[in-house]
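**Q** This is the structure I want to talk about, given as structure tokens.
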Amino acid sequence: MTKVDVQKRILDENDRLALENRRAFAEAGVLVLNLISSPGSGKTTLLESTLERLPENVRVLVIEGDVSTERDLDRVKARGAHGVQINTGGGCHLSAKMVAEAVSGLDIESADLIFIENVGNLICPSTYDLGEDAKVVLLATTEGDDKPMKYPAIFHEATLAVLNKIDLLPHVTYDVAKVEREIEVLNPDCEVLRLSALGGDGMDGWLDWIAARLEEKRRK
């Protein structure tokens, strides 16, 4: 009897499609950032705040992933972004195939930057390469400071960790130094930024990080 590892076959196919996505993004010269977090950590609010602050010459597309509704897409469109919604119908993550189908209807060559807002989940999205240039994981001070060691896979994969809602630190029990230490243990190459997407504190650091990645992409 032949044993078939279904999960491995699914991931192998996803990786093949992710490679095709990555080639298409590279040919278009567009930077792609995959935003991953638990529900309610502030991904959409971060996008709104980012769109309001990016230079006007940076052309942005947004791919919104969610189980249902277009509410988050409506929010970023209200800030002037163009994009497309992916509803998974219950799935806990986006896949490379979903992204490929979504971008087929977008003029990616007209964009400098694509944000992919993944389905709210710290587990499933960590396994699926979408063809992005970087995974960005968001944490919120309202979630508790135990997330890195409880969900290590995403921190192994992330290029950047954003600690959001720092304006609420006086009102919650949250050990920022502990979180940053644990992220460094899991992935010494993962940068950490502290900010408040709603209040604006620390947003300059986030925008500088994006600008540096854009410049790096253009050089390539």
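**Q** Calculate the length of the line joining the C-alpha centroid of the stretch 149-214 to that of the stretch 98-130, in whole Å.
**A** 21 Å
**Q** Could I ask something else about it? Of the candidates Ala134, Ala177, Ala26, which one comes out as most mobile in a Gaussian network treatment of the chain with C-alpha springs shorter than 10 Å?
**A** Residue with maximal mean-square fluctuation among Ala134, Ala177, Ala26: Ala177.
**Q** Once phi is turned into ³J(HN,Hα) by the Karplus curve 6.51 cos²θ - 1.76 cosθ + 1.60 with θ = phi - 60°, what whole-Hz value does each residue of the stretch 25-32 show in order, with x for glycine and proline?
**A** Going residue by residue, I get 5, 5, 5, 7, x, 10, 7, 10 Hz, with x marking Gly and Pro.
**Q** Right, something else. List the lysines whose Cα sits under 27 Å from the Cα of Lys217, skipping any in the same chain fewer than 8 residues away.
**A** Partners within reach: Lys43, Lys77, Lys97, Lys135.
**Q** Explain nothing, just the number: dipole magnitude of the stretch 29-219 about its Cα centre with +1 on each Lys and Arg Cβ and -1 on each Asp and Glu Cβ, in debye rounded to the nearest 20.
**A** So the dipole magnitude of the stretch 29-219 works out to roughly 160 debye.
**Q** Would you pull out the residues with amide H under 5 Å of Leu193's amide H, same chain only if 5 or more places away, H placed 1.01 Å from N?
**A** Ala161, Val162, Leu163
**Q** In a Gaussian network model over the chain where Cα atoms closer than 10 Å are linked, find which of Leu198, Leu46, Leu163 has the largest mean-square fluctuation.
**A** Leu198
**Q** Mind listing the long-range amide H neighbours of Leu31? Cut-off is under 5 Å, sequence gap 5 or more, other chains count too, H placed in the peptide plane at 1.01 Å from N.
**A** Residues meeting the criterion, in which the H sits 1.01 Å from N, are Leu113, Ile114.
**Q** Turning to a different aspect of this structure: What nm distance separates the two modelled labels at Ser104 and Glu52, each placed 7 Å from Cα along Cα→Cβ?
**A** Between Ser104 and Glu52, the simple spin-label model gives 3.7 nm.
**Q** Would you mind calculating the relative contact order of the stretch 29-219 from Cα pairs under 8 angstrom and at least 6 residues apart, reporting the percent as a whole number?
**A** With pairs under 8 Å counted, the relative contact order is 26 percent.
**Q** Unpartnered cysteines of the chain (Cβ-Cβ under 4.7 Å counts as a partner)?
**A** By the Cβ distance rule, which asks for a partner under 4.7 Å, the isolated cysteines are Cys190.
**Q** What distance in nm separates the simple spin-label points at Lys178 and Val192, each placed 7 Å from Cα in the Cβ direction?
**A** 1.2 nm
**Q** Which of these, Leu160, Leu106, Leu195, has the largest mean-square fluctuation under a Gaussian network model of the chain (Cα springs below 10 Å)?
**A** Leu106
**Q** What number does the chain give for Rg over Rh if you use C-alpha atoms and the Kirkwood radius?
**A** With Rg and the Kirkwood Rh in hand, the quotient comes to 0.96.
**Q** Please list 3J(HN,Hα) in residue order for the stretch 173-190, calculated via the Karplus relation 6.51 cos²θ - 1.76 cosθ + 1.60 where θ = phi - 60°; whole Hz, with x for glycine and proline.
**A** For the stretch 173-190, the Karplus curve yields 9, 8, 9, 4, 4, 4, 4, 5, 5, 5, 5, 5, 5, 6, 7, x, 8, 7 Hz.
Every number here is computed from the coordinates shown, using simple stated rules; none is lab data. Here the structure is a predicted model, which means the values were calculated and not measured. Glycine also receives a Cβ, built like all others from the backbone with ideal geometry; neighbour counts cover every protein chain displayed.
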